[in-house]
Amino acid sequence: MTPVYYSFFVWKGDIMIDINLIRTNKELVKENIKKKFQDQKLPLVDEVEQLDKELRELKAEGDALRAKKNENSALIGKLMREGNKDEADKIKAEVVKSNERIAVIEEESPVLEEKIKKDMMVIPNIIDDSVPIGKDDTFNVEVEKFGEPVVPKYEIPYHADILERVGGLDKEAAGRTSGEGFYYLLGDVARLHEAMIAYARDYMIKQGFTYAIPPFMIHSDVVTGVMSFPEMEAMMYKIEGEDLYLIGTSEHSMIGRFKGQMIKKDELPITMTSYSPCFRKEGGSHGLEERGVYRVHQFEKQEMIVLCEPEDSMTWYNKMWKYTVEVFRNMDIPVRQLECCSGDLADLKVKSCDIEAWSPRQKKYFEVGSCSNLGDAQARRLGIRVKSDKGNYYLHTLNNTVLASPRGLIALVENNYNEDGSINVPKVLQPYMGGLEKITPKK
């Protein structure tokens with residue numbers, strides 16, 4: 001299978017992994033590709049090694065020619081002053097040949113650089129040793145459950161039906177105004193949706209994270225800096241006629257904020273939580289879920305990001321996903337942590353897990369958030385470095401969903417549904433709902 005290249009971006013940043021890994025330990029890079037079941041990319045490693053060798057030889061030759069040219073230029077002046085014109089003319093001829101060769105090298109080098117970058121952009125990041133090996137998401141591993149998953153004796157209706165019965169959802173009107181994948185949330189349900197986001201925001205602020213509202217559109221060089229091409233193709237909406245994309249998650253804007261920056265060591269870690277609407281293509285048909293608000297083109301999310309020292313990133317990873325667990329448990333929603341296997345990891349990720357909420361209607365868990373450690377991949381692509389007395393280096397970036405709604409809303413509604421059709425408002429959300437304890441069906 002031939003690797004896919006994407007020609008619609010001119011890449012100006014760095015690459016996914018340090019090329020020194022291919023120079024010094026290409027078998028590690030190849031083994032990592034095998035672990036991700038992307039064997040079609042294996043030839044790229046040898047190709048990069050060869051192209052890199054050619055490029056370095058060209059650059060070394062060019063440097064030597066320039067040094068010799070400078071030496072000859074000084075010699076020509078000396079010979080001319082001594083009246084040795086014939087010898088000076090011979091040296092001048094050598095300089096002309098050197099200039100011709102230097103011109104060829106300057107033309108060929110960028111071509112090689114571009115080939116290397118194209119290959120390196122699709123060679124995946126090195127995954128953590130703890131990541132379970134598997135071809136796809138069916139090999140993801142349940143790590144731990146939090147809260148007892150309960151199936152009540154009475155039937156739990158489909159979430160869209162619950163929301164409609166309490167006067168909180170209008171999909172039909174959204175279909176007329178915007179098409180499939182959109183919705184109106186109304187009344188107390190709309191308030192509940194916003195209460196969840198507000199509670200998640202305040203929870204993260206209490207953890208010491210700085211609150212932010214980022215731009216909801218970003219340039220293409222930020223998009224390619226924060227995510228892999230397959231992700232981008234599946235997710236992003238392009239603004240026609242402009243170099244702007246609607247964000248699929250505020251992590252993209254938040255990490256992009258530090259593009260090209262040199263960060264002082266004593267400023268780390270940088271911990272931020274951000275609110276944004278999110279926009280995703282979500283192509284394809286998904287059966288019953290099309291009728292509800294599980295898979296939609298527009299939703300709202302409270303996100304968290306961390307920029308930290310490389311040696312601290314796994315510690316932060318384990319803190320971050322636990323924040324999401326606590327937020328959901330505080331809303332009386334059972335959840336579990338699901339470790340993503342190697343084949344389910346996007347190419348930039350070192351390690352990732354999903355937080356899944358219990359669905360008493362479906363009697364199974366479903367994804368409500370994702371926590372990822374991307375190592376230095378995003379920092380390399382965006383040129384985010386740490387300034388140090390011992391030399392500058394790339395930091396690590398992480399992101400995690402605190403709460404996304406309406407998926408979070410579905411989990412809350414199902415787990416707080418009463419037999420009479422009412423929905424209990426969890427205690428932590430009642431202050432955001434004016435003290436309302438229950439949402440009742442409309443007569």
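The listed peptides 395-403, 203-211, ordered by packing as a protection proxy, come out as 395-403, 203-211 (highest mean of other Cβ atoms within 10 Å first). Can you give me the angle between helix 85-120 and the longest principal axis of the chain, using Cα atoms only, in degrees from 0 to 90, rounded to the nearest 10? That works out to roughly 20 degrees.
The aspartates and glutamates within cross-link reach of Lys319, meaning a Cα-to-Cα straight distance under 16 Å and a gap of 8 or more places when in the same chain, are Glu144, Glu303, Glu309, Glu311, Glu339, Asp354.
Between the helical axis of 187-206 and the longest alpha-carbon principal axis of the chain there is an angle of about 50 degrees.
Rounded to the nearest 20 debye, the dipole size of the chain about its Cα centre is 620 debye, using +1 on the Cβ of Lys and Arg and -1 on the Cβ of Asp and Glu. When only the Cβ of Lys, Arg, Asp and Glu is charged (+1, +1, -1, -1), the dipole of the range 181-236 relative to its Cα centre reaches about 240 debye.
Of the listed pairs Lys259/Lys322; Lys117/Lys259; Lys301/Lys427, which have alpha-carbon separations greater than 26 Å here? Over 26 Å Cα-Cα: Lys259/Lys322. The mean accessible area for residues of the chain, using a 1.4 Å probe and ignoring ligands and nucleic acids, is 48 Å² per residue.
Each peptide among 131-139, 293-301, 352-360, 154-162 gets the average number of other Cβ atoms lying within 10 Å of its residues, and from highest to lowest they stand as 352-360, 293-301, 154-162, 131-139. Computed over the chain, the per-residue total of -39500 (n - 2.57) for DSSP H runs of n ≥ 4 gives a 222 nm mean residue ellipticity of -13000 deg cm²/dmol, rounded to 500. Note on Lys92: lysines with a C-alpha under 29 Å away, same-chain residues under 8 apart excluded, are Lys59, Lys68, Lys69, Lys78. For the range 293-394, carbon and sulfur atoms together expose 39% of the accessible surface, with a 1.4 angstrom probe and every protein chain in place.
A value for Rg/Rh (Cα atoms, Kirkwood Rh) was derived from the coordinates, and within the list (i) 1.05; (ii) 1.12; (iii) 1.10 it appears as (ii).
In the range 222-367, inverting the average of 1/r over every pair of distinct C-alpha atoms gives 17.5 Å as the Kirkwood radius.
The alpha-carbon of Lys264 sits under 20 angstrom from the alpha-carbons of these lysines, leaving out residues fewer than 8 places away in its chain: Lys387, Lys390. Over the range 63-219, Cα pairs under 8 Å with separation of 6+ residues give a relative contact order of 10 percent.
Take every pair of alpha-carbon atoms less than 8 Å apart whose residues are at least six positions apart; their mean separation over the length of the chain yields a relative contact order of 20 percent.
The values are calculated or read from the model by the stated rules, or taken from the named source; none is laboratory data. Treat the numbers as computed from the prediction; the structure is a model and nothing was measured. Cβ coordinates were reconstructed from backbone atoms using ideal geometry, including for glycine residues, and neighbour counts include every protein chain displayed. For accessibility, only protein heavy atoms count, side chains too; no ligands or nucleic acids. Shrake-Rupley method; radii C 1.70, N 1.55, O 1.52, S 1.80 Å.
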